[in-house]
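As C-alpha cells, the structure follows; a few thoughts come after it.
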Amino acid sequence: MPAAEKQALIASALLAVVVVALSGCGVVQDTIDGMTEPSATSQPSRPSPPRPEETDGLTVTITVESDAETSGELTVDVDSPRGGQSLRKKSVPLPFKREYTVATDSMFPLRATHVEVVADPAASYIECSISTGGQVVASHRAEGSSATATCDRSLRLGAS
C-alpha cells in the first residue's frame, strides 16, 4: 500500500474516532441543530432570565409616626450600586410611609439606608423605621417636642 493511501486511511480513521466521540457527548447534534432550522424533535430553548428592570427588586419601606399631625424636617437616603434615591421635605403628613425599589442585579444591592426626622413642636414623640423585604431592620423613637429620630441600616462585612 503506497504511503499516500496509508495517510488517507489513518486520517479517515482518526476523523471517524473524533466524530464518534463527539456524537457521544452531543456536540455533533448540537452543531447540526444550530446550523439548521428548529425541528419538531429538537428541544425548545430555555427562556432567558428576566432583565433587572423587569423584576420587582428589593422593596425598602420607610415609615414615620408621631402623635402630631405633621413632622418637622425629613431626610431619606437609599444608597444602592444602581443609583441612590433621596427625599428631602420640610414637613410631611403623619403617619408617613414611602416605598423604594432597589434593583437586585448586584451582589450587594443595598449599601445603606438613612432616615432622619424631626418632631413637630406639638409632638411628644417621633419614630422612624426601615423595613426590607417586609422585615423591620432599623427603628428609633425619640421623645419630646422637636426631638430627632434617626434610623440607619448599612451593609456590614465581617464581624459586627
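Just so you know, all these numbers are worked out from the coordinates, no wet-lab data involved. A quick note: this is a predicted structure, and the numbers were derived from the prediction, not measured. Note that we place each Cβ from the backbone using ideal geometry, even for glycine, and neighbour counts take in every protein chain shown.
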Study note, to complete from the structure: With 0.36 nm assigned to each residue of separation and the Cα-Cα distance removed, R82 to V137 gains 17.7 nm
Practice item. Return the distance in nm (one decimal) between the two label points of a simple spin-label model at M1 and D105, each offset 7 Å from Cα along Cα→Cβ. Key: 5.9
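Let me make sure I get this right: for the stretch 54-154, a, b and c are the square roots of the gyration tensor eigenvalues over alpha carbons, sorted descending. Under 1.5 in a/c it's rounded, otherwise prolate if a/b > b/c, else oblate. Which is it?
In terms of gyration-tensor shape, prolate.
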Point to revise | Cα-projected label distance for I10 with K89, points at 7 Å along beta-carbon direction, nm | key: 8.4
